[in-house]
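Read through the structure below, which is laid out as structure tokens, and then see the notes.
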């Protein structure tokens, strides 16, 4: 699995956090979730944390479109 890249985040005055991927909004966190995210992103690999929080990462067990039963 390739390492995630291209993520960034911005914390707003109202306490919300917007996570972007390659300049496009990937998720918005508010309240307790935003606080938990900020604590985690400060203590780990930020790119990996943001990929996990937005769901923009692969588990390794996805089927490719070519191998999907509907496309055979």
message = Out of 3, 22, 33, I need the residue that is surrounded by fewer than 15 Cβ atoms within 10 Å (Cβ to Cβ) and in contact (Cβ under 8 Å) with a residue 40 or more places away in the chain. Which one?
response = 3
ask   = How about segment 9-19: which of its residues are surrounded by 11 or more Cβ atoms within 10 Å (Cβ to Cβ) and free of Cβ contacts under 8 Å to residues at least 40 places away in the same chain?
value = 11, 12, 15, 16, 17, 18, 19
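Throughout, read-outs are computed from the coordinates displayed, never taken from laboratory work. Quantities reported herein were computed from a predicted structural model and do not represent experimental measurements. Heads up, the Cβs are rebuilt from the backbone with ideal geometry, glycines too, and the neighbour counts pull from every protein chain shown.
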